[in-house]
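Novice: Mind looking over this structure? Questions follow.
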Amino acid sequence: MAYFVGLVAMLLGNAIRIISFVVLGNHGFAESISRFHISAGWIFFSAVFLAYLSLTYGWMLNKPDAAAQPEKAS
């Protein structure tokens, strides 16, 4: 399940990246966009991946919360 959600997150991230390039390019940053287009891709996808990983890593490990575990009576 995490694989397919991650795939959707990357596709949405790519759409956001393309939309931001179009919007910024049309608002006077066309030269900057064309200069940093290649390096901005891997930086953006790395940021999206790290954000996704930070949100799902604990769930993927199936690590229970300490608050959810019942306390043992002595």
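Novice: Report the gain in length on full extension from S46 to N26: 0.36 nm times residue separation, minus Cα-Cα distance, nm rounded to one decimal. Show your work: numbers first, answer last.
Specialist: Working: separation 20, 0.36 × 20 = 7.20 nm, distance 2.53 nm.
Full extension from S46 to N26 adds 4.7 nm.
Novice: Evaluate the Kirkwood expression for the hydrodynamic radius of the range 1-61, namely the inverse of the mean inverse distance over all pairs of different C-alpha atoms, and round to one decimal in Å. Mind dumping the intermediate values first?
Specialist: Numbers: mean 1/r = 0.0785 Å⁻¹.
The Cα-based Kirkwood calculation yields 12.7 Å.
No value in this document is a laboratory result; all are computed from the given coordinates. Because the structure is a prediction, the values reported are computed rather than measured.
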